[in-house]
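FYI, it's all coordinate maths here, none of it is from the lab. Note that the structure is predicted; figures quoted are calculated from it, not measured. Cβ: placed from backbone, ideal geometry, glycine included. Neighbour counts: every protein chain shown.
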Amino acid sequence: MTPAKPRDRKPPGALWADGLGRVGIRSAQVLLILAVAVVSVYALMQIKLLVIPILIALILAAAIGPFVNLLRRRGLPGAAATGLAFVALLLLLAGVGTVIYFSVRSQWAELAQQASSGLDELEQFLLTGPIPIDREQLNQAREGIIQFATSSQVRSGAITGLSVVTEFLAGSALMVVILFFFLKDGAKIWNFFLRPFSGQREAKLRRVGSRTLEVLGGYVRGTAIVALVDAVAIGAALLILQVPLAFPLAIIIFMTAFIPLVGATVAGILAALVALVANGPVVALIVVAVVIAVNQLEGDLLQPIVMGKSLQLHALVILMALTAGTILAGIIGAVLSVPMAAVIWAVIQVWTAEDPNREDMNPDLPPPNSQPV
């Protein structure tokens, strides 16, 4: 007589076959992916002195790569074209830094005197203005600022700032070396990483490399055009209004414009503060109006025309990338986060065969599901 079989016994794996089981599997997969991403980001942050120079060098190489290719097509050898473009970029950066230094140095005494007068006017306004503030409260606020400036917290911050400067110099030197080799042997380096792959996967990875350079180069060149328009427009307004340090402020506006959404606005606020201290509230309000008008021109006209193809990201995605980059790596993270997000989106499009620029990028690619020749 055979024993009776249990009624509710399910075959192995049946618990994962229903709806709840499938949700559990997907949840475990999502958690695993998130854990890998968090560990990867944490590991990269431990070696950010290497990662950040590599990313900056890659962006610069993508931006000036077409200039190197143009020199090569004109008959220059690869090493000579790379060296010429490399030296031109270094001279440009050094020239900008030199101009900022001497401009600030030549107008610093005048600005300090105007700032002192402006602070005296501000103090007089606080004493006689609609807000009831007496001199005793002002003296207490001044003493509190002096105590904070001489505290151990500020001194420890100065030591931290010195280490940051040291890291910046070391990272800059490393970035220069990496940039030179990217310009000189970028194709060879990418081919070395593609050696383990073949077939359709190799074709996709080659498209990933091409799209990465295309997106980064287009982003940098488009941002440079927008930043130049911002700097020229706001700088011209500062010159007409006779605001001190107009030229250095214009250069700062140009550089901060590489931080999308907020960079040029923050620099415009800095220019308005300088105008408030040196020229009074009326000129400061005019500067604010100019900054707002230029930002509207940038957002409604320049950005869609100049960067419509290279930066196909929603404003919310840009804001989230800026926030994450700033939290992880400060100002450098804010500058690098948006182009990196654009690259990630372009890679996803290539890998899922939804890249809108696929045929324009390389019309000789084989059709999907076929082996390349």
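Numerical summary
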| item | result |
| --- | --- |
| Label-to-label distance, nm, for residues given as residue 266 and residue 317 (7 Å Cα→Cβ offset) | 2.3 nm |
| Packing-based exposure ordering (other Cβ within 10 Å, fewest first) of 44, 55 | 44, 55 |
| FRET efficiency, 1/(1 + (r/R0)^6) with R0 56 Å, evaluated for residue 22 and residue 167 via beta carbons | 0.70 |
| Paramagnetic label zone (point 7 Å from Cα along Cα-to-C-beta, residue 72; backbone N under 13 Å) in region 184-209 | 184-191 |
